[in-house]
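Reading through the structure tokens given below for one structure.
Throughout, read-outs are computed from the coordinates displayed, never taken from laboratory work. As the structure is a prediction and not an experimental result, all values here were calculated from the model. Ideal geometry is used to build each Cβ from the backbone, glycine not excepted, and the neighbour counts take in all protein chains shown.
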Amino acid sequence: MKQCILLALLFIVPSVCALPASALDSWDFNAERLVIASEISTQITVEPAQRSYTLDSVEVNLSFFPMDSERQQVASLISSPPFDAKTDTMMHISWHQPDQRILELSVTSTVTTEASFPSLSEKVPFPLQELPKDLLLYTLPQDNIDSDNPAIIRQASLLASGEDDTYVAVYKVGSWIKANVNYSLNTITEDVSQPASWVMENRYGVCDEITSLFIAMVRSLGIPARYVSGVAYTNWNDINDWGPHAWAEVYFPGYGWVPYDVTYGQYGYVDGSHVVLKDSLDSSESSIIYQWKGSNVNVKTAPLAFSHRLTKKEGTLPPPVAVSVRSLKDTVGFGSYNLIEATVTNNLPFYHVAEMRTSLVEGLVTLTPDQPLVLFPEETRTTYWLVHVSGSLDPHFQYTYPFIVGTEQNVSDETRFKAISTGQVFDKDYFESFLKNARDSAHKTYSTLVDVECQPHKSTYYTYETINVSCVLKNRGNVFLEDLLVCRGDDCKAADLGISQEQSFAFSFVPNSSHEKEAMITVKNEDVAQSTLLYYTVYPAPDLRIINVSYPPLLSFGQPYTLVVDIGHTSLLAGGDVVLSVGGERGEAHTWHLENISQSQRINLVLVADALDEGPNTAHITIRYRDRNGRTYSEERTVLLQMDKLSFFNKMQRFFTRLGRWFSGIF
């Protein structure tokens, strides 16, 4: 009998990324718009396991193709074979009973991309306080973007400490990764994308892993961020072509999603060569799913192949910044230090990050690394590079050192200074004041705001119970809070709390007395001292008792009599169940359910002496109470009821009375 097999494969686009451009070419990177011809293709090889086989269908769900977005428009999109169905994020393509051994699939498109700078013109306060519900998902940890990792939380919070501007906080995360995580096509990461925590620990990765770390760190600060897959152009190492690439988009309230490519050093924008093919919560999401149905057959799939070609460019981006460079000393001696000053002006009415770069000059050591510069709208800032002239120069010569400072958009300026044997030698400390002033100019506002919410598990307790309290702390400030002590009395719990992070704590304790109505929870470290009161009511354990029982000394048959029961208690909460019962030796009993019992109460029970024996009769008076937790309390008092002499007729009545009660007990 033939077997029909349905199989499926999931594929993620491999992490061999386009590499950052080393010297960007103005022909495309500075163009306002690029028109790009795109082709994504793969092939499926049919491999029969036996000479006789059937292949009923092959189906592909592709989620990796150009899509319309704010900075990208798709003019045409054609698949071969034609797709059966398509949504904004998924394309379904199928073959039914194919005869070919090799099935070709391709998606061709024409895409226009725009390289405009996002218009963030005003400060978005940090930390973010409120977010729409649909964006909260982009702040949560995922498989690869494990933003709940303690090391990620700590490092991101330390970088953002003291910042009150979301744009600056995000930039500091990106620039730290750029400076501290190496781009490496290591075989460990080339085929399988590693989680962000692995990249944090090992400090290297490819573009998808670097992007995962960036998103994880940003999310740990409570800022929404998503993973973007696509292609981008690079001329690194003479590649000069497009390749698979990954970058991020960060959500700014009031402005929307803003692109960040940390691998390329592009913060808050990406150049026009970036073509978006997919956005997702995590880098582990599949890009193509294969399914086939048949018998005695298998299929072999090939990785997706990409081909992109620039067909047109339109316009040129205006220079986002102006750069002016000077050397503080025009002439120095051999072995001297000098300081290069660059004044950078943001030409845009928006935030901008200028990726500053300096030239390499033989015989001159630059001691200050190149750093991106965050510029507020239309702001002018000054930055410095400390350089050192070699002391081993020929005294017969005069040396001129050109020093060029430029940006990614090829905006640059040059200064020159001379070194001569008779020139003044300036030591490093001479320029430290300039460098210190530059560092001090970055003023920060520190906030150690902590939300403390504590609630007992219920509002009322008995003295025999344990009070359980749940507390949630959220760091709403912009400082990483270390060595916090969360205390209820002497019971303290230690914690570290990153920016926008929250943590839960539990306390359990026995109340000191029935008069206790509140407890204080304190949160403190060197910078924080905060407390909150939680309220509850504690009642003593119920103490129900029968104080006295009174009754007539002699009862007459068939006549009513009053049994008076005095009861008391120390604490009966409303809602409890109080049952009073009076029973005899034969097991018959009368039962009353009592409500609203006062602390001292007399209860008059009117009974009829129609089933008692002549002479003394033992009666058991029992009172029971079940508290709100289901715990039962009871007390019993035994009395002797004296019955007068019975006539023969009385005894007959008593017999039938007992018989009737017996029958009613059965039924």
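Net charge near Pro125: determine it from the other residues with C-beta under 12 Å of the C-beta of Pro125, scoring Lys and Arg +1 and Asp and Glu -1. Before the final figure, lay out the partial values.
Details: positive: Lys123, Arg476; negative: Glu122, Glu130, Glu163, Asp164, Asp165.
Once positives and negatives cancel, what remains is -3.
Please report, in Å, the Rg and the Dmax of segment 450-539, where both are computed over Cα atoms only.
13.9, 43
Quick one: Karplus J couplings for segment 376-383, per residue in order, coefficients 6.51, -1.76, 1.60, θ = phi - 60°, nearest Hz, x for Gly and Pro?
6, x, 6, 8, 10, 10, 10, 9
Can you give the angle from 0 to 90° between the axis of helix 648-666 and the longest principal axis of the chain, with both taken from C-alpha atoms, to the nearest 10?
Value to nearest ten degrees: 20.
Non-local amide H neighbours of Val206 (under 5 Å, H modeled in plane, Pro and chain starts lacking H): which ones?
Under 5 Å from the amide H of Val206 lie the amide H atoms of Ser184, each far enough along the sequence or on another chain.
Output the 0 to 90 degree angle, nearest 10, between the alpha-carbon long axis of helix 207-220 and the longest principal axis computed from the alpha carbons of the chain.
The answer is roughly 40 degrees.
Helix-only estimate, please: 222 nm mean residue ellipticity of the chain, summing -39500 (n - 2.57) across DSSP H runs of length 4 or more and dividing by its residues, to the nearest 500. Please report the intermediate quantities before stating the final value.
Numbers: 9 runs with 87 residues, N = 667.
Per the formula, -4000 deg cm²/dmol.
Which whole-number percentage describes the relative contact order of the chain, with Cα contacts under 8 Å and a sequence gap of 6 or more?
Working: 1611 pairs, mean separation 86.2, N = 667.
Computed over the chain, the figure is 13 percent.
Subtract the Cα-Cα distance of Asp483 and Thr311 from 0.36 nm times their separation in residues, and report this length gain in nm to one decimal.
Values: separation 172, 0.36 × 172 = 61.92 nm, distance 5.83 nm.
Working it through step by step, the gained length comes to 56.1 nm.
Which of [x] 37.8; [y] 50.2; [z] 29.9 is the computed mean projected area of the Cα convex hull in nm² for the structure on display?
Of the labelled values, this structure produces [y].
Please give the peptides 280-289, 598-607 ranked by average Cβ packing (other Cβ atoms within 10 Å per residue), highest first, as a rough proxy for protection.
Details: 280-289: 18.5, 598-607: 12.0.
So the order, starting with the most tightly packed, is 280-289, 598-607.
What pairs in Lys133/Lys474; Lys178/Lys418; Lys123/Lys524 have C-alpha atoms more than 28 Å from each other? Write out the running numbers ahead of the final one.
Details: Lys133/Lys474 18 Å; Lys178/Lys418 34 Å; Lys123/Lys524 31 Å.
As for pairs spanning more than 28 Å Cα to Cα, those are Lys178/Lys418; Lys123/Lys524.
Could the peptides 57-70, 460-473 be put in order, highest first, of the mean number of other beta-carbon atoms found within 10 Å of their residues? Mind showing how you got there, number by number?
Numbers: 57-70: 19.1, 460-473: 16.3.
The packing order, highest mean first, is 57-70, 460-473.
Between the helical axis of 166-180 and the dominant principal axis of the chain, each derived from Cα atoms, what acute angle in degrees is found, rounded to the nearest 10?
60
If packing is taken as the average count of other Cβ atoms within 10 Å, what order do 207-215, 398-406, 542-550 fall into, highest mean first?
Working: 207-215: 29.8, 398-406: 17.3, 542-550: 15.0.
Going from most to least packed, we get 207-215, 398-406, 542-550.
Which whole-number percentage describes the relative contact order of segment 321-440, with Cα contacts under 8 Å and a sequence gap of 6 or more?
Numbers: 281 pairs, mean separation 43.2, N = 120.
Value for segment 321-440: 36 percent.
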